[in-house]
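*Asks:* The structure is given below, and queries will be raised subsequently.
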Amino acid sequence: MSEARTHAEASRERRDIVSGEVMDEARLVRFVAGPDGLVVPDLARKLPGRGLWVAADRASVAAAAKKGLFSRAAKAKLQAPPDLADQVENLLRRRVLSSLGLARKAGDLTSGYEKVLAAITAGKAAWLIEASDGAADGRRKIWAQARKQSPPPGLVGLYTSAELGLALGLENVIHTAFLAGRAADRWAQDVHRLAGFSPLLPESWREEP
């Protein structure tokens, strides 16, 4: 491994203010102090100010807010709202959904039962996005085909057909596949962070693993 690559990798690692563990930025959520001293999530990692990094899971963010760890890390009096973990979940949920719209415009998504099945069969589907209120029969058939792949594509069932349709500019969106590639890899980082705050599948789905 080259020295330059080692430095580049190290520059993407941050220390979680809760556990003290150093980990990749992709596994963390960045926070900054707003002008009023309020702790603000910075999911895009672009807001000015010193970053305060917390592991991307509900328990860690709640602990940081409750125990005053943001103030300790910043060495300044900061106020973390008690619902900070809920804020992060909602922001991540919107971010993941809006990214699907951008991916469709870039040609990285395909929608519709037959098109999604074809993408799975060809080994091109990195993720399957199934409407949470879609019929179980169609979902079972899609997932049965997906299970034959190695590794199988990831599965997200967070959004209703109406939510997906609004994001994608389509009607009656039930089955969607995010095609493998860099865009899917970037999207997956936010999906994995969101999984620390919310299940990716509805509790009512029993046929999926």
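The values are calculated or read from the model by the stated rules, or taken from the named source; none is laboratory data. Just so you know, these numbers come straight off a predicted model, no measurement behind them. Virtual Cβ from ideal backbone geometry, glycine too; neighbours counted across all protein chains shown. Ligands, DNA and RNA are excluded from the accessible area calculation, which covers all protein heavy atoms including side chains. Shrake-Rupley method; radii C 1.70, N 1.55, O 1.52, S 1.80 Å.
*Asks:* Checking the conditions here, which among A136, A162, A177 is open to solvent by less than 50 Å² (accessible area, probe 1.4 Å) and either under 27 Å from L43 (Cβ atoms) or at pLDDT 95 or above (or both)?
*Replies:* Only one candidate passes the filter, namely A177.
*Asks:* Return the pairs, sorted by first residue and then second, in which the second residue is open to solvent by 90 Å² or more (accessible area, probe 1.4 Å), the first residue lies in segment 131-148 and is free of Cβ contacts under 8 Å to residues at least 24 places away in the same chain, the beta carbons are less than 9 Å apart, and the residues are 6+ apart or on different chains.
*Replies:* Partner pairs satisfying both residue conditions: R147/P209.
*Asks:* Report, by residue number, each residue of segment 126-153 that is farther than 17 Å from V173 by Cα and either of a type in the set (A, V, I, L, M) or touching a Leu at 6+ places or on another chain (Cβ under 7 Å) (or both).
*Replies:* Pass one, segment 126-153, residues farther than 17 Å from V173 by Cα: 126, 144-153.
Once the filter is applied, which keeps residues that are farther than 17 Å from V173 by Cα and either of a type in the set (A, V, I, L, M) or touching a Leu at 6+ places or on another chain (Cβ under 7 Å) (or both), segment 126-153 yields A126, A144, Q145, A146, P153.
*Asks:* Can you say whether R193 is basic (K, R), buried (at least 17 other Cβ atoms within 10 Å of the Cβ) and modelled with pLDDT of 95 or more, as far as the supplied structure shows?
*Replies:* Working: basic (K, R): yes; buried (at least 17 other Cβ atoms within 10 Å of the Cβ): yes; modelled with pLDDT of 95 or more: yes.
Considered against the rule, which asks whether it is basic (K, R), buried (at least 17 other Cβ atoms within 10 Å of the Cβ) and modelled with pLDDT of 95 or more, R193 comes out as yes.
*Asks:* Is it the case, given these coordinates, that S99 is more than 27 Å from R182 (Cα to Cα), modelled with pLDDT of 95 or more and under 21 Å from the mean Cα position of the chain (by Cα)?
*Replies:* Values: more than 27 Å from R182 (Cα to Cα): no; modelled with pLDDT of 95 or more: yes; under 21 Å from the mean Cα position of the chain (by Cα): yes.
Taking the combined requirement at face value, the residue does not satisfy it.
*Asks:* Restricting the search to segment 112-125, which residues are in contact (Cβ under 8 Å) with a residue 24 or more places away in the chain and either part of a loop (DSSP other than H, G, I, E, B) or open to solvent by less than 30 Å² (accessible area, probe 1.4 Å) (or both)? Spell out how you get there, then give the answer.
*Replies:* Quick first cut of segment 112-125, residues in contact (Cβ under 8 Å) with a residue 24 or more places away in the chain only: 112-113, 115-117, 119-121, 123-125.
Within segment 112-125, G112, V116, A119, I120, G123, K124, A125 qualify.
*Asks:* Exactly one of these conditions fails for R93: (1) among the basic types (K, R); (2) more than 19 Å from L194 (Cα to Cα); (3) modelled with pLDDT of 95 or more. Give me its number.
*Replies:* (2)
*Asks:* Name the residues in segment 87-111 that are part of a loop (DSSP other than H, G, I, E, B) and either buried (at least 16 other Cβ atoms within 10 Å of the Cβ) or among the hydrophobic types (A, V, I, L, M, F, W, C) (or both), would you?
*Replies:* Step one: filter segment 87-111 for residues part of a loop (DSSP other than H, G, I, E, B), giving 106-108.
Correct list: A106, D108.
*Asks:* Let me ask another. Being of a type in the set (S, T, Y), over 18 Å from the mean Cα position of the chain (by Cα) and in a helix (DSSP H, G or I), is that true of even one residue in segment 145-160?
*Replies:* If we filter segment 145-160 for residues that are of a type in the set (S, T, Y), which is where we start, we get 150, 159-160.
Okay, now just the ones that are also over 18 Å from the mean Cα position of the chain (by Cα), so 150.
Filter once more, keeping what is in a helix (DSSP H, G or I): none.
Scanning segment 145-160 turns up no residue that is of a type in the set (S, T, Y), over 18 Å from the mean Cα position of the chain (by Cα) and in a helix (DSSP H, G or I).
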